[in-house]
Amino acid sequence: MTTPILTFFRAGGFFIFAPLMLCLCSRAQEKRKDVVVMNNGDHFTGKVKRLQNGLLFVETDYVSSNIGLDWNQVESVQSTATFQIVLNNGQRLMGKIEKIGEREKQHDFLIHEATADVEVPSASIVNIDANKPTFWRQLQGTIDFGYSFASGSSQSTLNADTSAAYRTKSWEVATSFDSTFSGQSAASRTNREDVQTTVSRFLNRNSFVAGLSDFLHSSQQDLNLRTTLGGGYGRFLKRTTNSNLAWLGGVVYINESFETTTAKPSDQSIEAVVGLQYNYVRFNFGEFESQLRTFPGLSDSGRLRLTTNNSLTIKLRNNFYLNFTFWDNFDSRPPATARKNELGTSSGIGWSF
């Protein structure tokens, strides 16, 4: 039987999934002749796409997918495109880029802005992203699917995750949709759907303000829908080409609807939010990402909620990867018939663009 909450989450999944498919159908731009030279003398001619997580991605005519080059082994880059550049001190610039092959020169990376040239060390570059002409081409994201079945118990588990992000020089919007279903013959079935969106406005250097929204359904916690709306202030504690660590603090409004009326929390409340997010990438292997958020009750004194999402991604070929995820939702004061903890693990194969 289809309930309104499931209809809501299916619609949310559609509106996230549809843009991902549309971006695949966008028309190709005129081919550039960017040149990348490695420390060992190898030359690559094509289109510089972005620098992300320590990898410089280059699109060529003779390889079916983007080539990921170790940024530490890139000697020089020449490109005619305009890029958005983020430095490890939080400064954000926009212009054409050039890395010169003079290892003894300290400031070996040039950013040709509209009004002036900026020289910085290449080791200070955290991220480079091409300034795309359309919204769909600027979009980046992932799609994951996983399924398991045990014939002995007739138990099946399905998980599907999608995410998308749109970044500019001064702000970023990121959204994700996660769905998990588990069922067994002649037994109860459980499901969990979660839609999260974060809008960040970058301030001076490594600080930012963010707006948060979260819509969660969880059958294990008797939760029809938990709506979380709020925002706060954050700062990057550490930013390098391969890793970053950031914290966020703020206030959120909570509206909850439970399946039971037995000793349930109040329908509406105000909570503080304090969170940490860490990301680490290892060249030619994969990526580890961890997010932890605590929600101490303000209007509902004594109540404490905690959420965590952790994922390990192992690279495969052609932008495919294996994904292993662990997540947990803790509520110190749930309804009397619900669990305090809802935790789970999932694995699957995914594709990024």
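Observations, loosely collected:
- Scanning segment 257-308 for residues that are in a loop (DSSP other than H, G, I, E, B) and crowded, with 16+ Cβ neighbours inside 10 Å turns up LYS264, PRO265, PHE283, ASP300, ARG303.
- Selection of strands (runs of 3 or more DSSP E) fully inside segment 152-254 by the criterion of at least 1 residues being within 25 Å of ALA272 (Cβ to Cβ) returns 171-184, 190-202, 207-218, 223-239.
- Condition check for LYS132: surrounded by 15 or more Cβ atoms within 10 Å (Cβ to Cβ) and touching a His at 6+ places or on another chain (Cβ under 7 Å): no
- Residue count for segment 168-208 under the criterion of being within 16 Å of the chain's Cα centre (by Cα), within 24 Å of PHE326 (Cα to Cα) and acidic (Asp, Glu): the result is 2.
- In this structure, LEU312 does not qualify as closer than 29 Å to VAL281 by Cα, of a type in the set (A, V, I, L, M, F, W, C) and more than 17 Å from the chain's Cα centre (by Cα).
- Close pairs from segment 34-46: first surrounded by 13 or more Cβ atoms within 10 Å (Cβ to Cβ), partner acidic (Asp, Glu), Cβ under 8 Å, at least 6 apart: VAL37/GLU75; MET38/GLU75; ASN39/GLU75; THR45/ASP34; GLY46/ASP34; GLY46/GLU59; GLY46/ASP61
Readers should treat all values here as calculations from the given coordinates under stated rules, not as data from a laboratory. Everything numeric here is computed off the predicted structure, so don't read it as measured data. Methodologically, a virtual Cβ is constructed for each residue, glycine included, from the backbone with ideal geometry; neighbour enumeration extends over all protein chains shown.
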